[in-house]
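Take a look at the structure set out below.
The values are calculated or read from the model by the stated rules, or taken from the named source; none is laboratory data. Values in this document were obtained by computation on a predicted structure and should not be read as measured data. No Cβ is skipped: glycine too gets one built from the backbone with ideal geometry, and neighbour counts run over all protein chains shown.
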């Protein structure tokens with residue numbers, strides 16, 4: 001995230017790269033009716049504005065339309081808050097594309113497990129923060145002190161980059 005003039009597609013691509021190394025996301029209903037829970041995002045590089053999650057049909061977010069998702073990178077230097085529309089989309093081709101050994105560990109019945117549901121979340125908007133602080137800024141944060149804005153990192157707000165929606 002260089003600055004406010006960065007292309008939203010570049011920001012989303014950067015987010016997806018970071019999520020690919022640590023795809024754990026807190027997901028909950030946007031209305032706050034229940035707590036968020038950790039889910040593992042299944043990333044489809046062909047759909048940069050969509051996240052997929054294999055969940056149980058009885059999962060607390062299975063029937064929720066509006067969702068809020070929070071992501072923190074492995075190095076704790078990148079943060080994202082995403083909002084989107086959720087729906088169960090048990091498309092067999094998409095399930096086959098995203099299926100892996102980790103998913104199978106949660107669903108002993110495999111792709112035919114009667115409790116299996118594929119949650120599709122179409123991202124409507126995102127706020128992204130990246131802390132790319134200088135060594136001096138990191139020391140101030142560690143030991144206390146005032147951090148100047150040029151030491152703090154960057155922040156961006158991004159709408160969807162889906163081709164059928166305005167960016």
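Quick notes
- Among the residues of the stretch 42-62, those that are under 13 Å from residue 27 (Cα atoms) and part of a loop (DSSP other than H, G, I, E, B) comprise 59, 60, 61, 62.
- For the stretch 2-58, taking the residues that are closer than 14 Å to residue 119 by Cβ and surrounded by fewer than 13 Cβ atoms within 10 Å (Cβ to Cβ), the one that is modelled with the highest pLDDT is identified as 38.
- Top-ranked residue of the stretch 115-133 - restricted to ones that are in a loop (DSSP other than H, G, I, E, B) and touching a residue at least 40 places away in the same chain (Cβ under 8 Å), ranked as farthest from residue 71 (Cα to Cα): 115
- Those residues of the stretch 66-78 which are touching a strand residue (DSSP E or B) at 6+ places or on another chain (Cβ under 6 Å) and surrounded by fewer than 17 Cβ atoms within 10 Å (Cβ to Cβ), in sequence order: 70, 72
- Here residue 75 passes the criteria (1) more than 22 Å from residue 118 (Cβ to Cβ); (2) in contact (Cβ under 8 Å) with a residue 12 or more places away in the chain except the one numbered (2).
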